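S.K.: Provided herewith is a single structure, encoded as structure tokens, for subsequent inquiry.
The values are calculated or read from the model by the stated rules, or taken from the named source; none is laboratory data. For clarity, every value in this text was computed on a predicted model and none was experimentally measured. Don't worry about glycine lacking a Cβ; one is built from the backbone with ideal geometry, like all the others, and counts go over all protein chains shown. What goes into the accessible areas is simple: the full protein's heavy atoms, side chains included, and nothing from ligands, DNA or RNA. Shrake-Rupley method; radii C 1.70, N 1.55, O 1.52, S 1.80 Å.
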Amino acid sequence: MTRFFLSDYLKQKFGSKVYRLSLSAGCTCPNRDGKVGYGGCSFCSAGGSGDFATDFEDIDLQIEKAKTRVDSKFPGGIKSADKKYVAYFQSFTSTYGNPDRLFPIFHKAISRPEIVALSIGTRPDCLPPEIIKMLSELNRIKPVWVELGLQTVHDDTALKMNRCYTLECFEKSYVELKKIGLSVIVHLILGLPGETKEMMLESVRYLSGLEPCLDGIKLHLLHVLEGTCLAEIYRKNSFHIMELDEYTDLVVECLDLLPETTVVHRMTGDGPKRILIEPKWSGDKKRVLNNLKKKLGLS
């Protein structure tokens, strides 16, 4: 099956390699401040899944710092003088707030010439009509992607992980976002406590059957991180942690279930090594990616 991975998709769409800048909109989460819950999702770190994002400050300063960070990952820096980027608002719930405060931040980012698209990470229960309207206005300037952290389609698992919204809530928000022409990327976590392989594949099958068709997916390996509720659960009652081959075999099965038009944005995830408890092997990202590429016939 022909499969579009993010780097190739971006190169085809924008004519050259595109880099991602991890940013912050200065938001918190309704699952932390008491609106729907406290403590956040059990697997979520103190950084609100934005451990690699810049700290919240003036957006132009954030972008410049993020560009420097991306540039430093390449020996000799990024060569192209005409560098292109996706502005990714990653930390916490980036639509949880007053649109009068959020719009200038997003507008300033998307208006910069080197930014080709805006990607906003959020929860499906944080997309009221005024936020939907704001996103629609931004989408008229440049492409806007909304990244929804679904993690699993199984409400029983979600309840145990303190996600604090239902699959029905996700479905309603998905339809609203697609109705205004936005690209939607959904996050799934593989290896949640109590979930069997079949349950994980059910989550992927559900996404593959969405109408309109899902634009993109991020598959994440479950990380047990220091300071999370999940870490306490693991210490009290250790659950199954997948081995490398087990995980990569599962990813291959997941990708085979997806429509060809769904872009694969991620096949694993990063857990900061300083707080990573399990799985230890995930700290060697190069090894994980090489294993995946080999099994997908890409190496």
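S.K.: Only one of (1) within 19 Å of the chain's Cα centre (by Cα); (2) open to solvent by 30 Å² or more (accessible area, probe 1.4 Å); (3) not small (Gly, Ala, Ser) fails for Leu182. Which number is that?
M.R.: All conditions are met except number (2).
S.K.: Condition check: assigned to a strand (DSSP E or B) and among the charged types (D, E, K, R). Does Glu147 satisfy that?
M.R.: Values: assigned to a strand (DSSP E or B): yes; among the charged types (D, E, K, R): yes.
Considered against the rule, which asks whether it is assigned to a strand (DSSP E or B) and among the charged types (D, E, K, R), Glu147 comes out as yes.
S.K.: Turning to a different aspect of this structure: Name the single residue, out of those in the range 29-51 being of a type in the set (Ser, Thr, Tyr) and at pLDDT below 95, that is farthest from the chain's Cα centre (by Cα). Don't jump to the end; show me each part of the working.
M.R.: Our first condition is that a residue be of a type in the set (Ser, Thr, Tyr); within the range 29-51, this holds for 38, 42, 45, 49.
Subsequent filtering for residues that are at pLDDT below 95 retains 38, 45, 49.
Details: Tyr38: 21, Ser45: 14, Ser49: 8 Å.
Filtering first and then ranking leaves Tyr38.
S.K.: Any residue at all in the range 242-253 that is under 18 Å from the mean Cα position of the chain (by Cα) and open to solvent by 10 Å² or more (accessible area, probe 1.4 Å)?
M.R.: no
S.K.: For the range 200-219, give me the residue count where each residue is of a type outside the set (Gly, Ala, Ser), touching a residue at least 60 places away in the same chain (Cβ under 8 Å) and open to solvent by less than 40 Å² (accessible area, probe 1.4 Å).
M.R.: Keep residues of the range 200-219 that are of a type outside the set (Gly, Ala, Ser), which gives 200-202, 204-207, 210-215, 217-219.
Imposing the further condition that a residue be touching a residue at least 60 places away in the same chain (Cβ under 8 Å) reduces the set to 215, 218.
Checking the rest, the ones that are also open to solvent by less than 40 Å² (accessible area, probe 1.4 Å) come to 218.
Going through the range 200-219 one residue at a time, the tally reaches 1.
For every residue, the table says whether it meets (1) crowded, with 18+ Cβ neighbours inside 10 Å; (2) in contact with a helix residue (DSSP H, G or I) (Cβ under 7 Å, 6 or more places away or on another chain); (3) farther than 27 Å from Pro143 by Cα.
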site	(1), (2), (3)
Leu190	yes, yes, yes
Lys197	no, yes, yes
Ser238	no, no, yes
Thr261	no, no, no
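S.K.: Does any residue of the range 214-229 turn out to be in a helix (DSSP H, G or I), over 17 Å from Asp125 (Cβ atoms) and among the hydrophobic types (A, V, I, L, M, F, W, C)? Reasoning before the result, please.
M.R.: So in the range 214-229, the residues in a helix (DSSP H, G or I) come out as 229.
Pick out the ones that are also over 17 Å from Asp125 (Cβ atoms) and you get 229.
Subset that is among the hydrophobic types (A, V, I, L, M, F, W, C): 229.
Yes, the range 214-229 contains a residue that is in a helix (DSSP H, G or I), over 17 Å from Asp125 (Cβ atoms) and among the hydrophobic types (A, V, I, L, M, F, W, C).
S.K.: OK, next. Cβ-Cβ under 8 Å, sequence separation 6+ or interchain: first residue in the range 107-132 and farther than 18 Å from Gln90 by Cβ, partner among the polar types (S, T, N, Q). Which pairs?
M.R.: That search, which allows pairs on different chains as well, returns Asp125/Ser173.
S.K.: Somewhere in the range 90-98, is a residue surrounded by fewer than 18 Cβ atoms within 10 Å (Cβ to Cβ), in contact with a Cys (Cβ under 9 Å, 6 or more places away or on another chain), at pLDDT 90 or above and not hydrophobic (A, V, I, L, M, F, W, C)?
M.R.: yes
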